[in-house]
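Input: a single structure, listed below in structure tokens.
The values are calculated or read from the model by the stated rules, or taken from the named source; none is laboratory data. As the structure is a computational prediction, the values presented were derived from the model and not from experiment. For neighbour counting, all protein chains shown are included, and Cβ atoms are generated from backbone atoms with ideal geometry for every residue, glycine included.
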Amino acid sequence: MKSVKETVKIRVCKRGAWERIDGALEYMSLICVKRTLILPLLSSSSCLLEAVSERLDIDASSGFMLTYNSDNDIVEVCDDLEVNEFMEFVVKSSRIVTLCIVESSIHGTQTTGSNQQSNSIHATPSVNVFHKNIELF
């Protein structure tokens with residue numbers, strides 16, 4: 001009988017920014033804080049937020065974003081459906097997946113136009129974060 005995985009192991013990082021390095025998106029910083037979390041597979045967004053806040057000592061109401069790299073797209077995890085999609089991504093991955101914190105206190109600029117000046121995603125990452133749109137029929 002095949003055992004069912006009930007928990008997932010992820011890495012969480014803060015004090016960094018997404019940067020494009022040789023065409024690939026990487027979460028970079030010299031002062032990046034990394035921790036490991038083991039979470040129930042069936043987690044809610046509030047459960048994930050609480051676990052990340054506790055483990056990385058971040059105020060849950062500070063307005064930080066939870067993001068990860070999926071096929072070179074930065075995806076924000078902000079509701080229960082996206083948490084489930086993230087958990088599925090973690091289970092299917094052959095390596096430990098990193099959930100990266102983009103804090104609102106990080107200063108920087110980012111644009112999406114052709115005159116983009118920076119390869120980093122900082123305080124205004126929402127213009128560059130992939131949001132999955134779901135249509136209900």
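Quick rundown of the values:
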| read-out | value |
| --- | --- |
| Residue in the range 95-106 that is modelled with pLDDT of 90 or more, in a helix (DSSP H, G or I) and polar (S, T, N, Q) present | no |
| Where a residue in the range 28-53 is touching a residue at least 12 places away in the same chain (Cβ under 8 Å) and its partner, wherever it lies, is of a type in the set (K, R) and in a helix (DSSP H, G or I), with Cβ under 7 Å and at least six apart | R35/R55; L37/R55 |
| Options E88, E50: the member that is exposed (fewer than 13 other Cβ atoms within 10 Å of the Cβ) and part of a helix (DSSP H, G or I) | E88 |
| Residues of the range 19-41 satisfying the condition of being surrounded by fewer than 13 Cβ atoms within 10 Å (Cβ to Cβ) and either under 13 Å from T98 (Cα atoms) or of a type in the set (A, V, I, L, M, F, W, C) (or both) | I21, A24, L30, I31, T36, I38 |
